[in-house]
Every structure is written in C-alpha cells, then in structure tokens.
Amino acid sequence: MKDLIVVAPAFAVMPAAIGAAWAMSHISRSAIDGMTRQPEMGGQLFTAMLIGNALVEALVIYCLVIALMLAGKI
Amino acid sequence: MLPVGVQHAVPYIVIINFALVAAGLMVFGMIAGRNLQEGAPQGLQNFSEAIVEWLVGQARKMGDCRVNLVAPYLGTFFMLIIMSNLLAMLPIPLLRIPPTSFYSVTLGLALTAVFGNIVISTIHKGILPALKHLVWPNPIQLISEVSDVLSLSLRLFGNIGGEFMVSLLVARAAPVGIPLIVHALGLIAAVLQALVFTLLTSNFLASGLHHEEKKKKRRGEEVEQREEEACAATVAVEAA
C-alpha cells in the first residue's frame, strides 16, 4: 500500500488539470467571442481574461504544490 | 534535479541571483534616466518610456490621484519579477536558476505586496479607515488577506518553479533541440506571470482604496440630481 505514493502525485494533479483546462477554455472562448463582437473593448477584455485565467490556474498550482510535497516523500 | 554538488549552495545562489537582478535594474534605470530628451524619444528612452507609460496608465485606472506613489510600487514588482523569471532563459550554468522558482522568494514578494497595499491605503485614507476595511463589514476579510498572500506566492512559485523543473527534466531526457520548445513556452509563462502578479496586486489595492469612495460618489450623484430637479422646477415656474 505504501508504494502507491509513487503514483499519488500524478493523481493529485490530473483531475485539477482537467477541470482547469475546461474552465480556461471557457474563459478564453467567451473573451474571444466578446473581442470579435466589440473589438474596441479588446484591451479590457484581455486584462479580465488574464486575471480570470490566473485565478483558475491558482487551483491547479495548489494541487501541484501538494504533488511536489508528495514527490519529495518518495 | 539541479547539477550535482550545488544543492547545499542553493540559498546563496538564490540571494546572489536576486541581488544581481536588482542591481541590473538599478543600473538600467540610471543609464535610461541620464540625458533625457524632449520631443520624440529614441532608443533606450523610448523603451523605458513605454514601460513607464503603461504603469502610469495602470495606476491611473484606479481613479486615484496618488499616481506618483502607486506607479513605482507596481513597477518595482513588475520589473523585478519579469527579470528574475527571464533568468531561466540564459545559457549560463548557475545564473540560469531563477530566484522566483523558490518559495521563500515568492512568499517574500507576496507579503510585501499585501502589506504594501495596506500601507498605501493607510496613506490614502488614514489609519482608522484602512484598518476598518480589514474587519468591516465582516471579519472574514482578514482571512482573505492571508489567502491573497498564499494565492499570489503559490501562483508565481508554481508556474516558474514547475516550468524550471520541467525544463531540467526535458533537458536530461533529450539534451538537443527539444528544450528549445519548452523554453519558448516558458517565455510566455514568465512574462504572463509578472503581468498577472502586477494586475492582481493593483486589483487588491483598488478594492482596498475604493471601499468608501463609491458611497460618496453615489451621494454626490443624488445631490446633483436633486439640484437638477430643483433647477427644472424653477424654470417651469418661471415659464408659467
């Protein structure tokens, strides 16, 4: 049972990465939709998109840190 | 992960690299700030003016009069983080360890950002309103300050440290050609993370600064509306 820690980091990151990829695709698609409809809003939408992506990304990073801590225990 | 024999020296490498980045930025500032010309700037002055203009615009977006305080504050974070992220692109053995890929550095940066925000809002509003913002309307906002520190520091550390680790692993598995792709992707992450750190800091700062002003603005608008209505009424009376 203790050998499972070898694959634990992978399983820590995987679901978070899948969810974040979905969420980031959603954010980027909506932002690009808005930019094509209203190009003059492009700058503001891009900034908002970056901040949204960063907030989503943070959740994956938490999982990555946990995975790194697990990987240090191997 | 790191080259053999440097593990115990890592803290010193981090400090030296960070100090080198800071010194390089200071030298750059001194060189760029000498013999400024009016009119259409050229070369180095043009480049540095573009950065300064972007930062001043970012500070002005907050609707705040203290641009002289906020723009250098944001600019320090931006330049320091982007230059230390980009150290990973250098082909020099020990210099290419970016300081931001160690958690203590990013935690320090994030703590500086959050405490700096509190200090700037204290200068702007006075001590009591700034402290009141931390516990009013609910004391949970104190926890949100802590989580701001965590999210800022972990985001930067995870992105840059993870990218650095991946580039080391790839370089060990395939030493020729392939690391170029990883470095090209890392270039995007390095610039973007510095941008995101600056934008989030300015967002936190704006939310700290403008807690009170929205109410005042609304009251002001109400007063204006009443005055306009009164004016319209007098005009109507005069016409009658």
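What follows draws every value from the coordinates through simple rules; no lab data is involved. This one's a predicted model, so the numbers in the text were calculated from it and none came from an experiment. For neighbour counting, all protein chains shown are included, and Cβ atoms are generated from backbone atoms with ideal geometry for every residue, glycine included.
By its C-alpha gyration tensor, with a ≥ b ≥ c as the square roots of the eigenvalues, how is the range B:7-209 shaped: rounded for a/c under 1.5, else prolate for a/b larger than b/c, else oblate? Don't skip to the end; give the middle numbers.
Numbers: a/c = 2.25, a/b = 1.31, b/c = 1.72.
Since a/c reaches 1.5 but b/c is at least a/b, the shape of the range B:7-209 is classed as oblate.
If we count every other residue with Cβ under 14 angstrom of B:Ile160's Cβ, Lys/Arg +1 and Asp/Glu -1, where does the sum land? Please report the intermediate quantities before stating the final value.
Numbers: positive: B:Arg96, B:Arg155; negative: A:Glu57, B:Glu163.
The answer is 0.
Rg to Rh ratio, the protein assembly as shown, alpha-carbon atoms and Kirkwood radius?
Numbers: Rg = 24.0 Å, Rh = 22.7 Å.
Checking Rg against Rh, the ratio lands at 1.06.
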Task: Burial ordering of B:Leu156, A:Leu55, B:Leu199, fewest other beta-carbon atoms within 10 Å first - done: A:Leu55, B:Leu199, B:Leu156
TODO: Among B:Val176, B:Ile160, B:Leu109, flag the residue with its Cα farthest along the positive direction of the charge dipole of the protein assembly as shown, charges on Cβ as +1 for Lys/Arg and -1 for Asp/Glu.
DONE: B:Val176
Open item on the list: Ignoring everything except DSSP H segments at least 4 long, calculate the 222 nm mean residue ellipticity for chain A; use -39,500 (n - 2.57) per segment, divide by total residues, nearest 500.
Closed with: -29500 deg cm²/dmol
- [ ] For helix A:8-37, report the angle its Cα long axis makes with the longest principal axis of the Cα atoms of chain A; keep it between 0 and 90° and round to the nearest 10°.
- [x] 0 degrees
Task: In degrees, nearest ten, helix A:42-71 long axis to first principal axis of chain A (Cα) - done: 0 degrees
TODO: Would you give the gap between the C-alpha center of the range B:180-201 and the C-alpha center of the range B:71-111, rounded to a whole Å?
DONE: 11 Å
Open item on the list: Using the Cα centre of chain A as origin and beta-carbon charges of +1 (Lys, Arg) and -1 (Asp, Glu), tell me which of A:Leu68, A:Gly19, A:Gln44 is placed farthest towards the positive end of the dipole.
Closed with: A:Leu68
Open item on the list: Please state the shape class of chain A: rounded when a/c is under 1.5, otherwise prolate if a/b exceeds b/c and oblate if not, all from the C-alpha gyration tensor.
Closed with: prolate
